[in-house]
Amino acid sequence: MCDHGGVLAECLGVARRAHEGQVRKASGNPYIDHPVDVARILFSEAYVDDVDVLRAALLHDTLEDTTLQKDEIAKCFGERVLRLVEEVTDDRTLSRGARKRAQIAHILTVSDDAKRIKMADKLSNMRDLIHCIPPGWSLQRVLGTFAWCRAVVHPSTVGRASPQLAVALERVYADRFLYESRLHNVIHRDDREVASLVEQYLRGFEDDAE
Ligand code: ZN
C-alpha cells in the first residue's frame, strides 16, 4: 500500500486473526475486507500516508467486535495507534441505539485523524450497502442507515478533516439516497425530514430487544 508495507502487513495479520471467522452481514465476505477497504480509502482517496493512521484503520473495529485487547494494540503498534482506535470505538456499555446516537456527538470531540478514519468507515459501509443490502432489511432501514451515516460524518461538521472524503461521501449519499427515495416515492426534501428519518432509525434500535 505504501513504503511502510512491512509494518502494515504485520498489522493486517493481527487484524485478520482478530476478525477470523467473522463475515459481512450483507455479502457474506470475510469481515477483514472492510477494515482493508477503510485503509485503502484513506490511502488512495484521502492521500493519508501516515502509517499509524493506516494501522488504526486496519484495527478500527477490533476493540468493538473482537477479543483483541488494548494492551496488545499498544504493545505491537504503540500508544498513538491505540488512541486512534479508541477514538473510533463506541462505548460498549451503551445499548445499540444509544451507541449509534452517541456517534453523532462523539465525532465532534475526536482528533482530525480519527475523523478521517470514521469518514472512510462510513464511506465503505455506504458503498457496501449500494452493492448489497443485508437480507431482511426494509427500505426504511436502508434509507435510515444512509441518513444516519451522513449525520455522523456530515460535511458541515467533519468535512474539513478531509475535503476529498467529504466529496466522496456526499456523492455516495446523493446517489443512493435520492435514487431510492425517488424510486419508491418517499422523497425526504429537507433537512428536517431527513433529521426525522434519522430519529425514526435510531428509535428502531432503542425499541429493539437485542
Ligand atoms: Zn468499520
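Odds and ends about this structure:
- Normalised by the number of residues in the range 5-207, the mean separation of alpha-carbon contacts (under 8 Å, six or more apart) gives a relative contact order of 21 percent.
- Tally of Lys pairs whose C-alpha atoms are under 18 Å apart, taken over the chain, 8 or more apart or cross-chain: 5
- Eigen-decomposition of the gyration tensor built on the alpha-carbon atoms of the range 1-99 gives equivalent ellipsoid semi-axes of 21, 17, 14 angstrom, largest listed first.
- Under the simplified labelling scheme, the Ser156-Arg92 pair shows an inter-label distance of 3.5 nm, with each label point 7 Å from Cα along Cα→Cβ.
- Each part gets one Cα centre, and for the range 78-133 versus the range 20-66 those centres are 12 Å apart.
- Per-residue [θ]222 nm for the chain (sum of -39500 (n - 2.57) over DSSP H runs n ≥ 4, rounded to 500): -19500 deg cm²/dmol
- From the largest down, the chain spans 51, 37, 31 angstrom on the principal axes of its Cα atoms.
A short reminder: the numbers here are calculations on the coordinates, not readings from a lab. These numbers come from a predicted model, not from an experiment. In this analysis, Cβ positions are derived from the backbone assuming ideal geometry, glycine residues included, and neighbour counts consider all displayed protein chains.
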